[in-house]
Amino acid sequence: MSTTPSVVDRLRARIGTPGPPSTVMVEAGHLKRFTEAIGDSYPRWLTEAPPTYLVALAPVSAHLPEAEEYGKGWLNGGNRFEYLEPVKVGDTITAIGRVVDVYEKSGSSGSLLFIIFETEYFNGHGRTVARLRGTAIRR
Amino acid sequence: MILQPGDELPDLIKHPTTRQLVQYAGAQGDFYEIHYDQEYARGVGLPGVILHGLLKAAFLGQLVTDWLGERGTLKSFEVSYRGVDVPGRPYRCRGRVTSVTGGHAELEIWGEDPDGNRTTVGTAVVEITA
């Protein structure tokens with residue numbers, strides 16, 4: 001059982017509130033460093049973002065310092081990407097993230113805190129280009 | 001492209017190294033110590049530094065886009081991380097078509113460690129245009 005129930009309550013109070021928007025331009029050099037890092041040399045990725053590149057454009061989840069009072073470390077539980085339009089070099093992308101759910105589960109090795117977040121990515125025309133959903137776990 | 005349920009994607013085998021984890025940490029901007037500091041990683045109960053979940057997601061994204069090429073578009077994909085993976089061990093990405101409806105196909109995708117454990121499992125939806 002958790003000894004810090006107030007962390008859950010404080011995090012739950014954030015549900016639905018959008019975090020500060022983060023606006024970044026997609027640069028060829030950064031895209032190249034990313035594709036080199038994942039080891040994907042498909043030529044289209046010289047000018048277009050490969051499937052997971054958006055996570056490198058903006059923090060993938062809102063900074064939640066209070067969550068770090070719970071447990072001793074973070075785990076990534078999963079991610080879901082949805083694509084509406086391609087993202088290309090030169091595009092200006094704005095990411096807005098929000099916490100959509102927070103809950104505790106007890107497992108064999110103690111209790112876990114689950115934080116579900118969603119990030120929506122918009123292009124310079126204000127159209128949604130992609131959505132990301134993630135499960136961040138404190139253990 | 002004619003697709004049928006059961007069609008398998010060509011395997012993609014990755015050989016992650018500690019160097020790649022540092023490269024990826026820098027490129028994504030994820031500087032959580034469990035991906036490059038052995039002592040820190042062991043201190044939080046891990047076997048040592050581990051692969052970023054999102055790096056494994058990138059591998060599975062590549063599995064699908066390498067197979068798809070210019071014949072279609074990836075519409076969505078989702079993955080669950082079921083186990084940790086350490087650098088120095090090959091990571092085998094696999095997938096197969098589970099259903100085909102109109103111009104869309106759904107895939108089952110997963111990543112296996114050398115013991116055959118599916119440490120990442122997921123699905124993807126692609127739109128076939130050619």
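Taking the options A:Pro51, A:Pro59, A:Pro86, name whichever one is at pLDDT 95 or above, more than 7 Å from every other protein chain (Cβ to nearest Cβ) and part of a loop (DSSP other than H, G, I, E, B). If you could, list the steps in order and put the result at the bottom.
Working: A:Pro51 fails: more than 7 Å from every other protein chain (Cβ to nearest Cβ); A:Pro59 fails: at pLDDT 95 or above.
Criteria check complete, one pass: A:Pro86.
The number of residues in segment A:31-48 being open to solvent by less than 50 Å² (accessible area, probe 1.4 Å) and farther than 18 Å from B:Arg19 by Cα comes to 4. A search for C-beta distances below 9 Å between a residue of segment A:31-44 that is more than 7 Å from every other protein chain (Cβ to nearest Cβ) and any residue that is open to solvent by 20 Å² or more (accessible area, probe 1.4 Å) and among the charged types (D, E, K, R), counting only pairs 6+ apart in sequence or on different chains, returns A:Leu31/A:Glu48; A:Arg44/B:Glu70. Just so you know, in segment B:95-127 the residues that are in a strand (DSSP E or B) and of a type in the set (Asp, Glu) include one that is least open to solvent (accessible area, probe 1.4 Å), and it is B:Glu112.
For B:Leu54, all conditions in the list (1) touching a residue at least 24 places away in the same chain (Cβ under 8 Å); (2) more than 18 Å from B:Asn117 (Cβ to Cβ); (3) within 7 Å of another protein chain (Cβ to nearest Cβ); (4) in contact with a Leu (Cβ under 8 Å, 6 or more places away or on another chain) hold save one; what is the number of the exception? Every condition holds for B:Leu54 apart from (4).
Of all the numbered requirements in (1) touching a residue at least 12 places away in the same chain (Cβ under 8 Å); (2) out of contact with any strand residue (DSSP E or B) (no Cβ under 6 Å at 6 or more places or on another chain); (3) at the interface with chain A (Cβ under 10 Å from one of its Cβ atoms); (4) among the hydrophobic types (A, V, I, L, M, F, W, C), B:Leu74 misses one, and that requirement is (2). Going by the structure shown, is B:Gln62 buried (at least 22 other Cβ atoms within 10 Å of the Cβ) and either part of a helix (DSSP H, G or I) or more than 17 Å from the chain's Cα centre (by Cα) (or both)? Against the criterion (buried (at least 22 other Cβ atoms within 10 Å of the Cβ) and either part of a helix (DSSP H, G or I) or more than 17 Å from the chain's Cα centre (by Cα) (or both)), B:Gln62 qualifies. Taken together, the residues in segment B:17-33 that are more than 7 Å from chain A (Cβ to nearest Cβ), aliphatic (A, V, I, L, M) and surrounded by 18 or more Cβ atoms within 10 Å (Cβ to Cβ) amount to 2.
Yes or no, residue by residue, for (1) over 15 Å from A:Pro21 (Cα atoms); (2) open to solvent by 10 Å² or more (accessible area, probe 1.4 Å):
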| position | (1), (2) |
| --- | --- |
| A:Val55 | no, no |
| A:Tyr70 | yes, no |
| A:Ser106 | yes, yes |
| A:Leu112 | yes, yes |
| A:Glu118 | no, yes |
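The values are calculated or read from the model by the stated rules, or taken from the named source; none is laboratory data. Worth saying up front: this structure is predicted, and the values here are computed from it rather than measured. Using ideal geometry, Cβ is built from the backbone for each residue, glycine included, and neighbour counts are taken over all protein chains shown. Surface areas here come from the heavy atoms of the whole protein model, side chains and all, with no ligands, DNA or RNA. Shrake-Rupley method; radii C 1.70, N 1.55, O 1.52, S 1.80 Å.
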